[in-house]
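The values are calculated or read from the model by the stated rules, or taken from the named source; none is laboratory data. Just so you know, these numbers come straight off a predicted model, no measurement behind them. With ideal geometry, Cβ positions are generated from the backbone for all residues, glycine too; neighbour counts draw on all protein chains shown.
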Amino acid sequence: MQVIETIDGLRSARRALRGRVGVVPTMGALHDGHLALVEQARQDNDAVIVTIFVNPTQFAPGEDFASYPRDLQRDVALLQGAGADFVFTPTPALMYPPGFQTYVKVDQVTQGLEGDRRPGHFRGVATVVAKLFNLTQPDVAYFGQKDAQQVVVLRRMVADLNFPLEVAVIPTVRESDGLAMSSRNAYLTPEQRPAAGVIYRALVAAAQAYEEGERTPAHLRQVVKSVLKTEPLAEVEYVALNDPTTLVGVHEASEHPLLLSLVVRVGKPFLLDNCLLPWALNTRAGLSATLGV
């Protein structure tokens, strides 16, 4: 496995590749969720490129850019074991040189949910991912379900800007108690970590209510909130039901699939999670057919 730090080095390595190429964009601090993306890319493609870049333009003032977990040596060792061929590790100065002034803005699907909670976040995400797609020229790019709105935004960008690639969505990888794996889980204290398991229990409760015939969005949201209220350390930011393709809020009963999203603060971190309803859609095939364009 080769670690590449320059754009010229990456382009030279990419030109030498033959066959299908998969890319896994990450911000490092890797966990089993990231490695599942890499392993899937390894199965699907002839070569795998992983990028590690903590992107400053997707952090708002006051967010955790400076303190975001970083451990490049550990990440590289994990990626070698997972089967990556190349790891691209640019610096902010390389990605955003002096005079940089071009950004990618996706409109409607960036509104609401994390778009409201983190203004400017998706402009930073879309810009850096567009640059990484341009640099790596992949056939397939791999992202996790946990960041469902990000998936919808990037699929919209890929369709609108005619990127010749597929955005593959891999189901959320979870801890034994159901907590979605996230680099920000490292912020949880030993006391807070068990409390965070309530998030998954709330999703499961809503899925069970859905399977039993509940379709009213207000009632499904209330099921989630009722479970979250059982945990004193859980502070609810939002619970939302949206169309999984357009991300338009759903307020009337419907038989169409739903994206149930929530953000819960436990101590320092804001923990993001989601599921599709019905629950059976939370597979690679179901997500690929349902989430985004």
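Of the numbered conditions (1) more than 27 Å from Leu260 (Cα to Cα); (2) at pLDDT 95 or above, Gln58 fails exactly one; give the number of that condition. Failed condition: (1). In the stretch 63-82, the residues that are closer than 13 Å to Val38 by Cα form Cβ pairs under 8 Å with partners that are of a type in the set (Gly, Ala, Ser) and not in a helix (DSSP H, G or I), at six or more places apart or across chains, as follows: Asp75/Gly28; Asp75/Ala29.
The set of residues in the stretch 1-25 that are among the hydroxyl-bearing types (Ser, Thr, Tyr) and free of Cβ contacts under 8 Å to residues at least 40 places away in the same chain contains only Ser12.
For the stretch 186-236, a residue qualifies if it is in contact (Cβ under 8 Å) with a residue 12 or more places away in the chain, farther than 20 Å from Val266 by Cα and outside any helix (DSSP H, G or I), and the qualifying residues are Arg215, Thr216.
When Val169 is tested against (1) assigned to a strand (DSSP E or B); (2) out of contact with any Gly (no Cβ under 8 Å at 6 or more places or on another chain); (3) not aromatic (Phe, Trp, Tyr), exactly one condition is not met: (2).
Quick check on Ala82: is it over 22 Å from Ser12 (Cβ atoms) and surrounded by fewer than 19 Cβ atoms within 10 Å (Cβ to Cβ)? Before the answer, list the steps.
Details: over 22 Å from Ser12 (Cβ atoms): yes; surrounded by fewer than 19 Cβ atoms within 10 Å (Cβ to Cβ): no.
Answer is no for this residue.
On inspection, Asp44 does not qualify as among the charged types (D, E, K, R) and either within 21 Å of Ala180 (Cβ to Cβ) or outside the structural domain of Pro164 (by TED's automatic domain parsing) (or both). Whether any residue in the stretch 9-24 is modelled with pLDDT of 95 or more, under 16 Å from the mean Cα position of the chain (by Cα) and not polar (S, T, N, Q) is what I want to check. So far as the stretch 9-24 goes, yes, one or more of its residues are modelled with pLDDT of 95 or more, under 16 Å from the mean Cα position of the chain (by Cα) and not polar (S, T, N, Q).
Just a yes or no: is a residue in the stretch 110-122 touching a Lys or Arg at 6+ places or on another chain (Cβ under 7 Å), under 16 Å from Ala60 (Cβ atoms) and of a type in the set (D, E, K, R)? No - not one qualifying residue is present in the stretch 110-122. Restricted to strands (runs of 3 or more DSSP E) entirely inside the stretch 1-75, those with at least 2 residues that are surrounded by fewer than 19 Cβ atoms within 10 Å (Cβ to Cβ) are 2-4. One residue stands out in the stretch 93-120 among those that are touching a Phe, Trp or Tyr at 6+ places or on another chain (Cβ under 8 Å) and under 21 Å from Ser183 (Cα atoms): the one that is surrounded by the fewest Cβ atoms within 10 Å (Cβ to Cβ), namely Arg117. For the stretch 48-66, the condition holds for at least one residue, the condition being that it is in contact with a Leu (Cβ under 6 Å, 6 or more places away or on another chain) and on the phi < 0 side of the Ramachandran plot.
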